[in-house]
Amino acid sequence: MQRNTFDVINGGLFEEPVHGSCIEHVLTGKKRKTFEGDTETIATCPNLVFSSPQPHTFRPMKKIPSATVQRLKKLARAAAKKSHSPYSGFPVGAAILAGSGKTYTGANVENASYGLCNCAERTAIFTAVAGGEREVRCVVVYTPTKTASSPCGACRQVINEFGPQARVISICDSDDLLDTTLDILLPRAFGPKNLG
Ligand code: THU
């Protein structure tokens with residue numbers, strides 16, 4: 001596996017295999033490569049918050065064909081139409097690519113007891129797991145907003161259980177897009193391995 005060591009702006013040194021996303025941004029300071037190979041400008045890079053040495057060992061991600069990503073985006077948008085969100089008025093849809101290659105969808109399901117609301121991402125993942133899946137390769141989430149928003153903390157933790165390397169894509173009602181990976185969104189995650 002190809003590895004690079006980066007001197008991160010605020011001091012730390014860390015090692016990661018070159019597998020896309022923010023790594024390119026660290027190298028150029030301004031641009032990053034998307035997984036389709038396009039270059040886009042991003043304002044901030046989550047990697048830059050690292051301030052201590054963080055040696056990572058990652059498995060290389062399997063590339064997800066762009067036709068599959070396009071299909072997941074359509075499914076996530078459509079899934080939002082099934083949302084039960086009378087309290088927030090914020091219908092969210094998610095679509096995931098599971099280890100078997102099958103796709104699963106979900107929407108947010110709210111409850112009059114507000115704390116029991118379930119996000120679209122978790123609905124999709126729980127549906128996949130209940131269908132026998134144990135690996136999440138990609139999560140696409142659609143929010144009815146002008147800017148793309150990434151999954152909440154609880155969903156990041158649930159994604160980590162089944163896809164610590166999963167690609168996470170957020171889409172919305174404009175062309176704004178986030179395209180990253182779970183290990184970027186949830187560095188140093190607590191997961192099954194931490195239970196010893
Ligand atoms: N929500 C999601 O379904 N996914 C997200 O990524 C963010 C928030 C839902 C939860 C709640 O039903 C509504 O959006 C407002 O927070």
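The values are calculated or read from the model by the stated rules, or taken from the named source; none is laboratory data. Model, not experiment: these values are computed from the prediction. Virtual Cβ from ideal backbone geometry, glycine too; neighbours counted across all protein chains shown. The area values use the complete protein model at the heavy-atom level, side chains included, leaving out ligands, DNA and RNA. Shrake-Rupley method; radii C 1.70, N 1.55, O 1.52, S 1.80 Å.
Here are the numbers for the structure shown:
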item	result
From phi via Karplus (6.51, -1.76, 1.60), per-residue ³J(HN,Hα) for segment 182-196 in Hz, x at Gly/Pro	4, 5, 6, 6, 9, x, 6, 5, 7, x, x, 5, 6, 7, x
Probe 1.4 Å, protein heavy atoms only - accessible area per residue of segment 66-188 in square angstrom	45 Å²
Residue-by-residue Karplus 3J(HN,Hα) for segment 83-89, coefficients 6.51, -1.76, 1.60, Hz, glycine and proline x	4, 10, 9, x, 8, 8, x
P(r) of segment 65-196 over all Cα-Cα pairs, binned every 10 Å from zero, in whole percent	14, 47, 33, 7, 0
Interchain or long-range residues, amide H under 5 Å from Asn118's placed H	Val109, Glu110
Ordering of 81-93, 116-128 by packing [mean C-beta count within 10 Å, highest first]	116-128, 81-93
Computed Kirkwood radius, in angstrom, where 1/r is averaged over Cα pairs of segment 79-120	10.7 Å
